[in-house]
């Protein structure tokens, strides 16, 4: 099969879906791999590295999409990509359609098959293609949040970990999955007092094991409001596979926070889990509402493209090979759950009933 890897065009998105070694493996398996020129440059991979492994270099996006049958990219297609996608394309990337009705309509009009990384689901419920980026986003949420608490950036001027004669910072995390659990672990390691809200008892137990400065609680409304009001940093990492994220922090709760506090919404790709969240980019990543700095960048792992590209590529490569090599890939239960749109129809159950 002809596999096309376009250059990402989302604002300051530096990732590439296939690193040279992975693309080379696909070539060895008999596939024809095409890379748009400079698609790997921001991740530290030159066109020459790909070419040495038998990858063809397309001069521009139009040439790439013309050659490709299976289009493998990282982020959802935007205007330039959508103009070049065809009905016969098989698109494999993050889509996050629950929060993107306009994109959903356009993909339905094109009539292609779209398999979303974030809804490829194993029988045990794991999301293997979302997990690595969730871990990175969880780390970045605390790194960025710690930075935004600095007074020159508009923060309250608090050091999360504290030190003798000072108070520890307070961090609230919603969700103890890959993203939330990673954020909680890093915040705890910094020395902050961390409260994690989670509904699954096994995950609460995991959080308690992180250390004596971590508390895991069920998200009762009044308890959430109390903990949010006392927090310096709030991280939202709530996920409902394929569906729009529920609001777990209301505008009223935010109003109780001290000015200069910070909130980071990792769930913004799926619409955001805070009532006051709206999408931002790495070019203009923050805004202030109610005196609280909001960080809601929709492609957080794009800030560390070399690490992110290596991580996502290792996760997706076996699935890329399956899609490219096996005409019966639709019988794979995990890939079947990954299909979001197909031949002009919405397939994934979480997307049915969208207001299009």
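What follows is calculated from the coordinates using simple rules that are stated; it is not laboratory data. What you see is a predicted model, and the numbers here were worked out from it, not measured in a lab. Please note: Cβ atoms are built from the backbone with ideal geometry, for glycine as well, and neighbour counts cover all protein chains shown.
Considering Cα pairs under 8 angstrom that are at least six residues apart, work out the relative contact order of region 123-180 and quote it in whole percent.
Relative CO of region 123-180 lands at 32 percent.
I need the shape label for region 131-298. Rule: rounded when a/c is under 1.5, else prolate if a/b > b/c, else oblate, with a, b, c from the alpha carbon gyration tensor.
rounded
In what order do 312, 346 fall by count of nearby beta-carbon atoms within 10 Å, going from fewest to most?
346, 312
Once you keep just the Cα pairs under 8 angstrom separated by 6 or more residues, what percentage relative contact order results for region 131-298?
Relative contact order here is 20 percent.
If the chain between residue 151 and residue 336 were fully stretched, how many nm would it gain, using 0.36 nm times the residue separation less the Cα-Cα distance?
Working: separation 185, 0.36 × 185 = 66.60 nm, distance 4.86 nm.
Full extension from residue 151 to residue 336 adds 61.7 nm.
Looking only at Cα atoms, what is the convex hull volume of region 156-243 per residue, in Å³? Kindly include the intermediate steps, with their values, before the conclusion.
Details: hull volume 8.8 nm³, N = 88.
Hull volume normalised by residue count: 100 Å³.
How do 34, 319, 282 rank when sorted from fewest to most other Cβ atoms within 10 Å of their own Cβ?
Listed from fewest to most nearby Cβ atoms, that is 282, 319, 34.
What value, in deg cm²/dmol to 500, does the helix sum -39500 (n - 2.57) over DSSP H runs of n ≥ 4 give at 222 nm once divided by the residues of the chain?
Values: 12 runs with 116 residues, N = 356.
The helix contribution divided over the chain gives -9500 deg cm²/dmol.
Of the beta bridges DSSP finds with both residues in region 131-298, what % are antiparallel, to the nearest 5?
15 percent
Given points 7 Å out from each Cα along the Cα-Cβ axis, report the residue 250 to residue 221 separation in nanometres with one decimal.
So the two model labels end up 0.5 nm from each other.
Treating the angle as unsigned and between 0 and 90°, give the value, to the nearest 10°, between the Cα long axis of helix 101-110 and the longest Cα principal axis of the chain.
With rounding to tens, the tilt is 10 degrees.
Need the full-extension length gain, residue 314 to residue 105, defined as separation in residues times 0.36 nm minus the C-alpha distance. One decimal, nm.
Using 0.36 nm per residue and subtracting the Cα-Cα distance, I get 72.1 nm.
Given 20 °C and 1.002 mPa s, how large is the Stokes-Einstein diffusion coefficient of region 1-86 in µm²/s, with Rh as the Kirkwood radius over Cα pairs?
Diffusion coefficient, whole number: 171 µm²/s.
If I model a spin label as a point 7 Å beyond the Cα along the Cα-Cβ vector, how far apart are those points for residue 240 and residue 281 in nm?
A separation of 3.0 nm, rounded to one decimal place.
Work out how much length residue 167 to residue 21 would gain on full extension: take 0.36 nm times their residue separation and subtract the Cα-Cα distance, in nm to one decimal. Please report the intermediate quantities before stating the final value.
Working: separation 146, 0.36 × 146 = 52.56 nm, distance 4.81 nm.
Additional length available on full extension: 47.8 nm.
If packing is taken as the average number of other Cβ atoms within 10 Å across a peptide's residues, how do 195-203, 48-56 rank, most packed first?
Output ranking for 195-203, 48-56: 195-203, 48-56.
Out of every Cα-Cα pair in region 225-300, what percent are more than 18 Å apart? Present the calculation step by step, with values, prior to reporting the outcome.
Working: 911 of 2850 pairs.
Percent of Cα pairs beyond 18 Å in region 225-300: 32.
What angle, in degrees between 0 and 90 and rounded to the nearest 10, separates the Cα long axis of helix 178-190 from the longest principal axis of the Cα atoms of the chain?
So the inclination is approximately 40 degrees.
Under 8 Å for C-alpha pairs, at least 6 residues apart: give me the relative contact order for the chain, rounded to a whole percent. Write out the running numbers ahead of the final one.
Values: 807 pairs, mean separation 70.2, N = 356.
About 20 percent, as a whole number.
Hey, with R₀ at 51 Å, roughly what FRET efficiency would residue 212 and residue 356 work out to, going by the Cβ-Cβ distance, to 0.05?
0.55
May I ask you to order 105-111, 116-122, 272-278 by the average number of other C-beta atoms within 10 Å around their residues, highest value first? Present the calculation step by step, with values, prior to reporting the outcome.
Details: 105-111: 17.0, 116-122: 22.7, 272-278: 21.0.
Peptide ranking by packing, descending: 116-122, 272-278, 105-111.
Once both labels are modelled 7 Å past Cα along the beta-carbon direction, what's the residue 38-residue 82 spacing in nm?
Computed distance between label sites residue 38 and residue 82 equals 2.4 nm.
Once a ≥ b ≥ c are taken as the square roots of the eigenvalues of the Cα gyration tensor of the chain, is the result rounded (a/c under 1.5), prolate (a/b larger than b/c) or oblate (a/b not larger than b/c)?
Prolate.
Can you give the angle from 0 to 90° between the axis of helix 305-325 and the longest principal axis of the chain, with both taken from C-alpha atoms, to the nearest 10?
40 degrees
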